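Colleague: To start, I am sharing the structure in question, which I have written as structure tokens.
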Amino acid sequence: MELALQRTLGHVQLLILDNWGLEPLDDQARHDLLEILEDRYGRRSTIITSQLPVSAWHEVIGNPTYADAILDRLVHNAHRIDLNGESLRRNQRRKS
């Protein structure tokens, strides 16, 4: 990732990662994510939405050392909201 973009993502007030974890991270993506989260840690807010439970994120990240470092920065001081139930999109399709 370009250094200027990485710095920008590290300094925006709110970073939203939507549908996170749909594909496994490659080496560069792991490194970039860790760098961005390191820049944001304790100073900026990050929201992550994912259909995967947090327990499956290690596998998506791929490298155990990176996974521990990334999850440490995400989970520490986090407010988790776990949603259960049927998809609202499915319910809307049924009504149509």
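The values are calculated or read from the model by the stated rules, or taken from the named source; none is laboratory data. As the structure is a computational prediction, the values presented were derived from the model and not from experiment. Neighbour counts are summed over all protein chains in view; Cβ atoms, including those assigned to glycine, are modelled from backbone coordinates with ideal geometry.
Colleague: Do you know which residues across the range 22-73 are within 13 Å of the chain's Cα centre (by Cα) and among the β-branched types (V, I, T)?
Modeller: Once the filter is applied, which keeps residues that are within 13 Å of the chain's Cα centre (by Cα) and among the β-branched types (V, I, T), the range 22-73 yields I36, T46, I47, I48, T49, V54, V60, I61, I70.
Colleague: Between A67, A78, which is part of a loop (DSSP other than H, G, I, E, B) and either within 14 Å of W20 (Cβ to Cβ) or at pLDDT 90 or above (or both)?
Modeller: Working: A67 fails: part of a loop (DSSP other than H, G, I, E, B).
Unique residue meeting the criteria: A78.
Colleague: State all residues of the range 22-53 that are closer than 13 Å to V12 by Cα, β-branched (V, I, T) and crowded, with 16+ Cβ neighbours inside 10 Å; if no residue qualifies, say none.
Modeller: Of everything in the range 22-53, those that are closer than 13 Å to V12 by Cα, β-branched (V, I, T) and crowded, with 16+ Cβ neighbours inside 10 Å turn out to be I36, T46.
Colleague: Of the residues that make up the range 3-21, is at least one surrounded by 10 or more Cβ atoms within 10 Å (Cβ to Cβ) and touching a Phe, Trp or Tyr at 6+ places or on another chain (Cβ under 7 Å)? Spell out how you get there, then give the answer.
Modeller: Residues of the range 3-21 that are surrounded by 10 or more Cβ atoms within 10 Å (Cβ to Cβ), as a first pass: 5-12, 15-17, 19-21.
When the remaining residues are screened for being touching a Phe, Trp or Tyr at 6+ places or on another chain (Cβ under 7 Å), the result is 21.
Within the range 3-21 (the criterion being surrounded by 10 or more Cβ atoms within 10 Å (Cβ to Cβ) and touching a Phe, Trp or Tyr at 6+ places or on another chain (Cβ under 7 Å)), the answer is yes, since at least one residue qualifies.
Colleague: Hey, another quick one. Between a first residue in the range 56-82 that is farther than 19 Å from R40 by Cβ and a second residue that is in a helix (DSSP H, G or I) and among the hydrophobic types (A, V, I, L, M, F, W, C), which pairs have beta carbons less than 7 Å apart while being 6 or more apart in sequence or on different chains?
Modeller: Close Cβ pairs satisfying both conditions: H58/A67.
Colleague: Could you please let me know if G85 is more than 14 Å from the chain's Cα centre (by Cα) and either under 24 Å from R7 (Cβ atoms) or at pLDDT 95 or above (or both)? Step through it out loud before you land on a result.
Modeller: Numbers: more than 14 Å from the chain's Cα centre (by Cα): yes; either under 24 Å from R7 (Cβ atoms) or at pLDDT 95 or above (or both): no.
So G85 fails the test.
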